[in-house]
Amino acid sequence: VQRGLVLRGVVRLLEDPGLSDAKKVDCLRRLAPLAGDAVSRKLLLSALAKVHHAGALELILPSLHDPAVQAEAALAAIAVAGSLGSNDDVVVNAALNQVLAVVQDAHLKSQARAKIRALHPVPVEAHH
């Protein structure tokens, strides 16, 4: 119970807009071992989904293989992928392809595909 309270408290503190995304990732990485049950892991994934940093994907992706939190992990990965800039295209593409490979939910797959298409827009041919 105490771990859950600590985790919830720290996650709330991490919502401080003055804290850099890199610092948030570092804090959440340190908190990850406290997230022992599915409820705590979902809370951690929810916090990671709000972090606009490629390091968040690194913490999210292993949870795609945990059936208890797979949907939350996919949503978090899609949210973070959508928040990153073009400098992170390789990481984003790899993460979204991992979502496609692991997740069975059609809606989540559709969201991941849409993000991938946004990374690789098809050029529109000029009509004369």
Over the range 56-106: Rg over Rh, Cα atoms, Kirkwood Rh: 0.95
Compute the acute angle (0 to 90°) between the alpha-carbon long axis of helix 89-102 and the principal axis of greatest extent of the alpha-carbon atoms of the chain; round to the nearest 10°. 80 degrees
Return, for the Cα atoms of the range 1-63, the radius of gyration and Dmax in Å, separated by a comma. 10.7, 31
For a protection proxy built on the mean count of beta-carbon atoms within 10 angstrom, sort 13-19, 113-119, 71-77 highest first, please. 71-77, 113-119, 13-19
Which value at 222 nm does the chain reach when only helices count, each DSSP H run of 4 or more adding -39,500 (n - 2.57), with the total divided by all residues and rounded to the nearest 500 deg cm²/dmol? -20500 deg cm²/dmol
Beyond 14 Å, what share of the Cα-Cα pairs of the range 36-79 is found? Please give it as a whole percent. 33 percent
Could you give the length gained on full extension between ILE116 and SER86, defined as 0.36 nm per residue of separation minus the Cα-Cα distance, in nm? 9.6 nm
Hydrodynamic radius by Kirkwood for the chain, inverse mean 1/r across distinct Cα pairs, in Å, is 15.2 Å
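Just so you know, all these numbers are worked out from the coordinates, no wet-lab data involved. Everything numeric in this text was worked out from a predicted model, so none of it was measured. For neighbour counting, all protein chains shown are included, and Cβ atoms are generated from backbone atoms with ideal geometry for every residue, glycine included.
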